[in-house]
1. Put +1 on the Cβ of each Lys and Arg and -1 on the Cβ of each Asp and Glu in region 247-292; which of Asn283, Leu249, Ser271 then has its Cα farthest toward the positive end of the dipole?
2. Counting only heavy atoms of the protein chains, get the accessible area per residue of region 119-259 (1.4 Å probe) and round it to a whole Å² value.
3. What does the charge dipole of region 273-341 about its Cα centre add up to, to the nearest 20 debye, if the Cβ of each Lys and Arg holds +1 and the Cβ of each Asp and Glu holds -1?
4. Under Stokes-Einstein, with the Kirkwood radius over Cα pairs standing in for Rh, what whole-number D in µm²/s applies to region 368-468 at 25 °C and 0.890 mPa s?
5. To the nearest 10 degrees, how steeply does helix 146-171 sit against the main Cα axis of the chain, on a 0 to 90 scale?
6. Given N residues in region 193-338, what is its alpha carbon radius of gyration divided by 2.2 N^0.38 Å?
7. Of the accessible area of the chain, with the probe set at 1.4 angstrom, what percent is carbon plus sulfur?
8. Tell me the label-point distance for the pair Ser193, Ser303, using the 7 Å Cα-to-Cβ offset, in nm and rounded to one decimal.
Amino acid sequence: MGYSSIFKKFEMKTITNITILLFSLLLLNLISCEEMLEVDVPENQIDKNNVFQDTQTANSALSALYSSLRDNSLLAGDKMGLFLSNYTDDLTCYATTATNGIYEISQNQLISSNAAVYSLWSNTYQQIYFSNSILEGLEKSSGISNTDKRRMKGEALLIRCILYFYLQQIYGDIPYLTTTDYTANNTSSKLSSDDVLVRLENDLNECYILLADEYSNSERIFVNRKVAELMMAKVYFAEQRPADAEAKLKSIAQSSLYTFETDIAKVFQKSGKHILWQLKPKNSGDATKEASLYYFTGAAPSSYALSTSLMSSFASSDFRKSNWMAVITVGANTWYRADKYKNRSNNTTEYSIVFRLEEVYLLLSESLAKQNKLNEALLYLNATRQRAGLSAVTSGISQSDLITEIASENRREFFTEMGHRFFDLKRNNNLNSLISSKPNWQTNHQLWPIPQKDLELNSNLNPQNPGY
């Protein structure tokens, strides 16, 4: 089911009776649209307007949105990071018979009916719909304090911005929907990529005003103003504005909220002060999705292993090889497993990290390098290098060589995390370098196709992205 049909059916069923139960059914379990529509409205239903007259129930709706991000969004540990690591050259996919579309992604043989292409698109627009529903409910509410309303509105709006940013990066021109009105959504046209960035900049500026720096939860499982600043920096990079990105990144890097983690063995522990935002597992003791997803031992991998291309980018002395990877040897064959998250049962120390300070440092280094502030850029680059046991890059390096080294350090630092390899290459207009490591790579692969199902539902989504 595409985004337009989702909105139409949800609106018809729930416009007068959106309930906390419906939020939970959709967002906590992410069941199919058809299954949800067959659920009877419960006797204890809460009218849509009443949901947002009470702080507790409004917070429950917002918490359900966060649960959805953890369970089945592009930010979930088994979605965008997995898809784009296979799409680029950080993972090798051994699941040759899988029907989820990931093997075709790994072979760069995308078609518009690919299951993963569709799920990423449709699930994200589903969550955008509910972000919009929360924003509309809060706007009409008179029973929630201004302080709580500002926080909840800022969080819902920032979540929507994050989702839109990654959709724009992956699909290019996309609809930018800000309402739950299905009659408008069902026929919406695409905005150009550039216009999406302008809309994002405006919305992120509003998030900055609405949100506070301080976290509403000490575990950093809810977004704050600093997350908004990081997203603003990403938008500025996409608009080729490195000086503006620098200002936002320095605001984060210099904040007393954050401390660079000097122990490489503690980077993926949930208590770190280097974490900007993380997703908490559903139940106490649950493993992160990443811990289970990449695990294999004692036999040839049947799913995913780190690629030869990635492994060749590491020096033998790099601590990340011994701390964030596991070596699996079977006979004469050796594979490497991503092992950043280690607790597969009775997990009490790990949450799935979405954003961490190391990303801020390397983006800041890049923004400075692109302005030819090379010596200052080295300070932020060398933080992750020296923590990994590598020697510092010294002054005298050329601007182009420094930018290349920052890109290489991003790859070593963020493999299998949140699609970093794809976005880092794209930001530097270097995705076509994958031709050397991905035999089927084509220049049109810088964008994914718009799902065929949605093109059939809404002709205004045409034209299809080039090459598909």
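1. Most positive-ward Cα: Leu249.
2. Heavy-atom accessible area per residue stands at 34 Å².
3. That gives a dipole near 220 debye.
4. 151
5. Once rounded, the angle reads 60 degrees.
6. 1.33
7. 46
8. For Ser193 paired with Ser303, the spin-label model returns 3.2 nm.
The values are calculated or read from the model by the stated rules, or taken from the named source; none is laboratory data. Only a predicted model underlies this, so the values are computations on that prediction, with no experimental measurement involved. As a convention, Cβ positions derive from the backbone with ideal geometry for all residues, glycine included, and neighbour counts pool all protein chains shown. The protein model used for the area step is the full one, side chains on, heavy atoms only, and it has no ligands, DNA or RNA in it. Shrake-Rupley method; radii C 1.70, N 1.55, O 1.52, S 1.80 Å.
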